[in-house]
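Participant: Input: one structure, supplied below.
The values are calculated or read from the model by the stated rules, or taken from the named source; none is laboratory data. What you are looking at is a predicted structure, and each value in this text was computed from that prediction instead of being measured. Using ideal geometry, Cβ is built from the backbone for each residue, glycine included, and neighbour counts are taken over all protein chains shown. The protein model used for the area step is the full one, side chains on, heavy atoms only, and it has no ligands, DNA or RNA in it. Shrake-Rupley method; radii C 1.70, N 1.55, O 1.52, S 1.80 Å.
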Amino acid sequence: GLIDISPMPGYDLMKVFDTSLLFYWHATHTQIYNTLKKLEEDGLISGQVVHQEKNPSKRVFSITEKGKETLTGWLLEEPDLPGYKHEFLVKLSFASRLSNESVIKLLTTYEEKIKTKLTALESSRKNQFLGFARSEQEVKLWELIFENGVRHYQQELEWVEKVKDNFI
């Protein structure tokens, strides 16, 4: 989908995942490059080597017509409910082995991480990211997806505060 917005090298894709508002999907360096290789093998994207004067050459990937058709087909598939994997809740499930002070310390650390994430989401990067939108519809959808993420982290923060209140 990102390559459909604009052709880009794998390094730029990594930056989008690491620094953008794509809070709802995580991808590692290895996953990105393995996926690019598979997409290219399947004819869904094509890579062109671009030579640069002052930097090393890079491969810039573009979506193919077959890739656009496949992307459209995927977009039309019936949506699944999101999976739920929450390592912190698993840890907390077994935290009875810890003292109340240790549990509160874990909760406080988690709370700080949530606050940091909310600060990042509410930063000016939102407008930068929305600048990549290709239509008003895309802007509106991205704004609503962003709102969903902010609400998720706000609710998580409220929940942590409730749990901490039960231990103080």
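Participant: Pull up the stretch 120-131, narrow it to residues that are out of contact with any Asp or Glu (no Cβ under 8 Å at 6 or more places or on another chain), in a helix (DSSP H, G or I) and surrounded by 12 or more Cβ atoms within 10 Å (Cβ to Cβ), then point me to the one that is modelled with the lowest pLDDT. Steps first, answer last, please.
Facilitator: Within the stretch 120-131, the first condition is being out of contact with any Asp or Glu (no Cβ under 8 Å at 6 or more places or on another chain), and the residues that meet it are 120-129, 131.
After this cut, where a residue has to be in a helix (DSSP H, G or I) as well, the list is 120-121, 125-129.
This time we only want the ones that are surrounded by 12 or more Cβ atoms within 10 Å (Cβ to Cβ), so: 120-121, 125-126, 128-129.
Values: Ala120: 79, Leu121: 79, Arg125: 64, Lys126: 69, Gln128: 69, Phe129: 73.
In this case the residue turns out to be Arg125.
Participant: So which pairs qualify, if the first residue must be in the stretch 84-113 and more than 21 Å from Trp25 (Cα to Cα), the second must be of a type outside the set (A, V, I, L, M, F, W, C) and in a helix (DSSP H, G or I), the Cβ gap must be under 7 Å, and the two must be at least 6 apart or on different chains?
Facilitator: Taking only residues 6 or more apart or on different chains, the pairs are Ile104/Lys164; Leu107/Lys164.
Participant: Right, something else. Which residues, counting only those in the stretch 100-119, are of a type outside the set (Val, Ile, Thr) and surrounded by 10 or more Cβ atoms within 10 Å (Cβ to Cβ)?
Facilitator: Applying the first criterion (of a type outside the set (Val, Ile, Thr)) to the stretch 100-119 yields 100-102, 105-107, 110-113, 115, 117-118.
Asn100, Ser102, Lys105, Leu106, Leu107, Tyr110, Glu111, Glu112, Lys113, Lys115, Lys117, Leu118 - these are the residues of the stretch 100-119 that are of a type outside the set (Val, Ile, Thr) and surrounded by 10 or more Cβ atoms within 10 Å (Cβ to Cβ).
Participant: Another one. Please report, ordered by residue number, the helices (runs of 4 or more DSSP H) entirely within the stretch 1-81 with at least 3 residues that are open to solvent by less than 40 Å² (accessible area, probe 1.4 Å).
Facilitator: Working: elements: 2-5, 10-19, 29-41, 65-76.
Counting at least 3 such residues, we get 10-19, 65-76.
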